[in-house]
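The values are calculated or read from the model by the stated rules, or taken from the named source; none is laboratory data. Bear in mind that the values here come from a model prediction, so they are computed numbers and not experimental data. Because the Cβ atoms are built from the backbone with ideal geometry, glycine has one as well, and the counts that use them run over all protein chains shown.
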Amino acid sequence: MRTGLKGGQLKILSKDQVYELHLAILKILKEHGVKVEHEGALNLLKEAGADVDFKSKVAKIPEYLFEESIRKAPKSFRCCGRNPKEDFILEGRRVYFGTCAGATNIIDPESGERRPGRLSDMGNVGKVADALPNIDFVMGITSALDVSEIVRPLYEPYIVMSNTSKHVQAFCYYDGEVIRAIIKMAELIVGGRDELRKRPIISLYNEPVSPLVFGREYVDALIEWAKAGLPLIWAPCPIAGGSAPVTLAGAVVQGCAESLAGNIICQLVNPGTPFVFGSVPLVLDMRTGIAAYGTIEMMLKEVVLAQLSEYYQIPSWGTGGCTDSKVLDEQAIAEAAMNLTISALSGNNLVHDVAFMEFANSGSFELLVICDEIIAMLRRFMKGVNVNDETLAIEAIKEAGHGGAFLSLNHTLKYFSQEFLISELMDRSPWSRWEKGKKTLAQRAHEKVIKILKEHFVEPIPKDVKEEIEKLIHEVEKSEIIKRHS
């Protein structure tokens, strides 16, 4: 079982300020509402007491319906891997880290060149992430642009699940019919629908459109996923100054209203659906027009979102380990380290986007392994200082004597590996030794990536199950579902 980091130490708002945000969220949903482009969901909301205008497709949601959905959403739930040792429980302020998907480009691990993503890259991401001890859940970072757009949403989670025994997240592309095929793939791997409910090896990452629009296909996918009772992340990407208010508080309010309205539909479909609340709180760079990932304002909003998650007692979505830099330079490491640290201390439960570069347009294997090392440092830092009779070391101080040495003491041999983090990537050798190779952090990270890809073994999906999954994908590829989406 993976235990995660224990976050939540960092808070920037008072309890009264958090409550003010909550009241603003209620007001937005009650007075302005959400546009829901799905007739079935509008009917559900209407029957539950929402004020629905079927012509404009806007649902205005009363406070009691909001509160009911919060009560129905689980405060904690398990995310499973193919290997039960990779399971983890979302609860409290426990923090877990993972990648995302959807970047159109990847930094090639062999050539170092930026190029369009391939299906094989997503498999390699799964393999590298599987080998890294501090990466808890996996998506494929890039997109399989060498695969037909029609079956891409099926091949992508399949290739990642084939290359990791950790929990996998699927990126939502199409509507419920395609989602049902993804669910079926996971059922084949674990041995049926009931077993999948018990051991959800996959969750769905779904992004509604800001401001406050739930597209038909996104809602259709939400409904099918909720019916299956599997963990769902409903996380909009409100861009402060673009698709959301420029003020940080206003952007948070809108993003939370969008996310929690998704929870209302989820709980109406299937009360008790495991739901992850939050957003990707981006900022519009007013000089360049890009949706920036490395800003300090985004990090501030991450802390606020964690505080709201604590208020609602629902697991939360976070962002970290990412950068706006185009290459693995000082900016990349500074931004990734900073937002990983803020996310960990804030206590958002699922921190995604590790290894994203270029404001989510590309990804880097090397950044992924460097972030794994940074997370190890955070894990050690947040473990804190253990104070007891043994660690106070009074007897060891006496044994060393005045002016003595501690290196050879049994106390040192017993405790050094518990107290010190032994770094794989950070160079602490003397100049004379370093000068012989003069390798940078990026070069050392590259060597580690290549070593993992050559040597790391992942327990394969059984051959008969793979054949069934591939048969399913081919059937979907030939079906009316695909014709409708083409």
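Computed values, structure above
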{"read-out": "Residue within segment 458-481 that is out of contact with any strand residue (DSSP E or B) (no Cβ under 9 Å at 6 or more places or on another chain), under 30 Å from D389 (Cα atoms) and surrounded by 13 or more Cβ atoms within 10 Å (Cβ to Cβ) present", "value": "no"}
{"read-out": "So A445, is it small (G, A, S), closer than 27 Å to H167 by Cα and either over 39 Å from the mean Cα position of the chain (by Cα) or assigned to a helix (DSSP H, G or I) (or both)", "value": "yes"}
{"read-out": "Residues of segment 448-466 classified as among the hydrophobic types (A, V, I, L, M, F, W, C) and more than 26 Å from the chain's Cα centre (by Cα), total", "value": "1"}
{"read-out": "Any chance V147 is of a type in the set (V, I, T) and free of Cβ contacts under 8 Å to residues at least 40 places away in the same chain", "value": "yes"}
{"read-out": "Residues of segment 393-417 that turn out to be assigned to a helix (DSSP H, G or I) and at pLDDT 95 or above, as a count", "value": "14"}
{"read-out": "In segment 311-369, residue surrounded by the fewest Cβ atoms within 10 Å (Cβ to Cβ) [restricted to those that are touching a residue at least 12 places away in the same chain (Cβ under 8 Å) and of a type in the set (D, E, K, R)]", "value": "K326"}
{"read-out": "Cross-chain or 6+ apart pairs with Cβ under 7 Å, segment 422-434 first and over 22 Å from L367 (Cα atoms) and free of Cβ contacts under 8 Å to residues at least 24 places away in the same chain, then part of a loop (DSSP other than H, G, I, E, B) and among the aliphatic types (A, V, I, L, M)", "value": "none"}
{"read-out": "Among the candidates R78, R93, residue that is under 15 Å from I314 (Cβ atoms), surrounded by fewer than 22 Cβ atoms within 10 Å (Cβ to Cβ), of a type outside the set (G, A, S) and at pLDDT 95 or above", "value": "R93"}
{"read-out": "Subset of segment 75-111 [closer than 14 Å to T164 by Cβ, out of contact with any helix residue (DSSP H, G or I) (no Cβ under 9 Å at 6 or more places or on another chain) and of a type in the set (D, E)]", "value": "D87"}
{"read-out": "Answer from I452, I461, I422 - the residue that is out of contact with any His (no Cβ under 7 Å at 6 or more places or on another chain) and assigned to a helix (DSSP H, G or I)", "value": "I452"}
{"read-out": "Enumerated helices (runs of 4 or more DSSP H) restricted to segment 112-208, each holding at least 1 residues that are over 25 Å from M1 (Cβ atoms) and more than 16 Å from the chain's Cα centre (by Cα)", "value": "119-131, 152-162, 176-190"}
{"read-out": "Selected residue [surrounded by fewer than 23 Cβ atoms within 10 Å (Cβ to Cβ) and β-branched (V, I, T)] from V128, V168, V190, V160", "value": "V190"}
